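Asks: Mind having a look at this structure? Questions to follow.
The values are calculated or read from the model by the stated rules, or taken from the named source; none is laboratory data. Keep in mind the model is a prediction, meaning the values are calculated, not measured. Virtual Cβ from ideal backbone geometry, glycine too; neighbours counted across all protein chains shown.
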Amino acid sequence: MSIILALIIFGLIVIVHELGHFLLAKKNGITVTEFSVGMGPRLLSREWGGTLYSLKAFPFGGSCMMVGEEEESDEAGSFGSKSVWARISVVAAGPIFNFLLGFVLSLILVSCLGYDRSVINVTPGYPAAEAGMQDGDEIIRMNGSRVYLYREITLFNNLHQGEKLEVTYRRDGETRTAVLMPRADESGWYYYGFSAAQPRTHGGVLQTLKYSFAEVRYWLKATVDSLAMLFRGRVGLNDMSGPVGIVNAIGQTYEANLVDGIYYAALSMVMMSVLLTVNLGVVNLLPLPALDGGRLVFLFLEAIRGKAIPQEKESMVHFVGFMLLMGLMVVILFNDVRNIFF
């Protein structure tokens, strides 16, 4: 079951990503030779408007093939014949569509489950209580960063263990501040002394829209902060997951929520989809060769210099980057298998 769910989730996310490239390419007059749903041999195909639309055998992923995308071409509808800003919009559209998908799915989640406001209870004997904070206070900023959801508080504590925190909170319409130094318990885990005061809350249309954006923002922040820890060496190989690890996590999440009924199991898959689509959007924007972010680096350099980097040099950089990424994926794959099965 986990493999089927993973194929559906990955398929949706990748197709939406490629649809972003496709729609912006069409809008800018770039010839799209093929737009496919799935991978592998074609099962069905039809040409319309100069584009071959294909349904392929393996039900995951998709592709958007454009003239002149990987090679130099003088055709009027080629990728390279368009302005640099048109090409930037086409490349950036994939990750942007991933974020848009995340918002649509978050809208479903918040409409069905509500949102977790950052209203707290305080634990006696811990820094929050000692600083004068009380049950019912609503945290609105942490170290200057706006807070909307209680999970943002938990995320900060998980990623910044033992760090001092300046917190801004609201009580009876009045804004107050406190500086907290967390305290460790017997296990060595640091706490500020907060706990969630409310279950998830439902609101009107505007509140639902607001907290749907907050949901995407939360996963975006979690992804960026996790990547920052990776680059600073605070996260190791065992903390990373590839396709096998993600499929396993999807299956475990589904089974855990199935106890409460198929409704909650389905919503847990929607939440996993939000996490994964936002992750894909962020990772694709990293300025690394072979990713959309790497291609954007070359395009922005072209915009600054007024002329393009030679195609053969750019292609070589992307090829080397692709091979390195594949090598990393193989390492992560074997690590996933070792952690799950051994």
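Asks: Kindly indicate whether any position in the range 127-138 is touching a Pro at 6+ places or on another chain (Cβ under 8 Å), within 30 Å of TYR192 (Cα to Cα) and modelled with pLDDT of 90 or more. Spell out how you get there, then give the answer.
Replies: Initial filter on the range 127-138 (touching a Pro at 6+ places or on another chain (Cβ under 8 Å)): 127.
Then keep just the ones that are within 30 Å of TYR192 (Cα to Cα); that gives 127.
Add one more test, that the residue is modelled with pLDDT of 90 or more, and what stays is 127.
Yes: one or more hits.
Asks: Separate question: Out of the range 133-162, which residues are charged (D, E, K, R), outside any strand (DSSP E or B) and exposed (fewer than 14 other Cβ atoms within 10 Å of the Cβ)? Don't jump to the end; show me each part of the working.
Replies: The first filter runs over the range 133-162 and keeps only residues charged (D, E, K, R), leaving 135, 137-138, 141, 146, 151-152.
Still in the running and outside any strand (DSSP E or B): 135, 137, 151-152.
Within the range 133-162, ASP135 is the sole residue that qualifies.
Asks: Go through (1) modelled with pLDDT of 95 or more; (2) exposed (fewer than 14 other Cβ atoms within 10 Å of the Cβ) and name the single condition SER212 misses.
Replies: (2)
Asks: Could I ask something else about it? Go through the range 190-217 and give me each residue that's of a type in the set (A, V, I, L, M, F, W, C) and in a strand (DSSP E or B).
Replies: Step one: of the range 190-217, the residues of a type in the set (A, V, I, L, M, F, W, C) are 194, 196-197, 205-206, 209, 213-214, 216.
Within the range 190-217, PHE194, ALA196 qualify.
Asks: Which one of these does PHE79 not meet: (1) crowded, with 19+ Cβ neighbours inside 10 Å; (2) of a type in the set (Phe, Trp, Tyr); (3) within 30 Å of MET271 (Cβ to Cβ)?
Replies: PHE79 satisfies all of (1) crowded, with 19+ Cβ neighbours inside 10 Å; (2) of a type in the set (Phe, Trp, Tyr); (3) within 30 Å of MET271 (Cβ to Cβ) except (3).
Asks: Quick one: what pairs do we get from the range 220-231, first residue under 13 Å from PHE156 (Cα atoms), second among the acidic types (Asp, Glu) and part of a helix (DSSP H, G or I), C-beta under 9 Å, 6+ apart or different chains?
Replies: Sorted first by the residue in the range 220-231, then by its partner, the pairs are LYS221/GLU152; ALA222/GLU152; SER226/ASP239; MET229/ASP239.
Asks: Please verify whether the range 143-155 includes one or more residues that are under 30 Å from the mean Cα position of the chain (by Cα), in contact (Cβ under 8 Å) with a residue 40 or more places away in the chain and either farther than 18 Å from ALA222 by Cα or in the same structural domain as LEU109 (by TED's automatic domain parsing) (or both).
Replies: The first filter runs over the range 143-155 and keeps only residues under 30 Å from the mean Cα position of the chain (by Cα), leaving 143-155.
Then drop every residue that is not in contact (Cβ under 8 Å) with a residue 40 or more places away in the chain, which leaves 148-153, 155.
Filter once more, so that each one left must be either farther than 18 Å from ALA222 by Cα or in the same structural domain as LEU109 (by TED's automatic domain parsing) (or both): none.
No, the range 143-155 has no match at all.
Asks: Right, another one. Does the range 29-41 contain at least one residue that is touching a strand residue (DSSP E or B) at 6+ places or on another chain (Cβ under 6 Å) and part of a loop (DSSP other than H, G, I, E, B)?
Replies: yes
Asks: Shifting gears a bit: Residues to consider are PRO127, PRO199; find the one that is surrounded by 13 or more Cβ atoms within 10 Å (Cβ to Cβ) and over 30 Å from LEU286 (Cα atoms).
Replies: Only one candidate qualifies: PRO127.
Residue-wise test of (1) surrounded by fewer than 19 Cβ atoms within 10 Å (Cβ to Cβ); (2) touching a residue at least 24 places away in the same chain (Cβ under 8 Å).
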| position | (1), (2) |
| --- | --- |
| VAL16 | no, yes |
| LEU24 | no, yes |
| GLY49 | yes, no |
| GLU70 | yes, yes |
| ASP74 | yes, no |
| GLY94 | no, yes |
| PHE97 | no, yes |
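Asks: Any chance the range 66-81 includes a residue that's farther than 30 Å from LEU180 by Cα, of a type outside the set (Asp, Glu), within 26 Å of the chain's Cα centre (by Cα) and at pLDDT 90 or above? Please lay out each step first, then the result.
Replies: Of all residues in the range 66-81, those farther than 30 Å from LEU180 by Cα come to 66-81.
Applying the additional criterion that residues be of a type outside the set (Asp, Glu) yields 66-68, 73, 76-81.
Next, only the ones that are within 26 Å of the chain's Cα centre (by Cα) stay: 66.
Now narrow it down to the ones that are at pLDDT 90 or above: 66.
Yes, there is a match, as at least one residue in the range 66-81 is farther than 30 Å from LEU180 by Cα, of a type outside the set (Asp, Glu), within 26 Å of the chain's Cα centre (by Cα) and at pLDDT 90 or above.
Asks: For residues that are part of a helix (DSSP H, G or I) and under 18 Å from the mean Cα position of the chain (by Cα), tally how many sit in the range 273-305.
Replies: Going residue by residue through the range 273-305, those that are part of a helix (DSSP H, G or I) are 273-284, 292-305.
Now narrow it down to the ones that are under 18 Å from the mean Cα position of the chain (by Cα): 273-284, 292-294.
Total meeting the criteria: 15.
Asks: Let me confirm something: among ALA256, ALA266, which residue is surrounded by fewer than 17 Cβ atoms within 10 Å (Cβ to Cβ) and modelled with pLDDT of 90 or more?
Replies: Working: ALA256 fails: modelled with pLDDT of 90 or more.
On inspection, the qualifying residue turns out to be ALA266.
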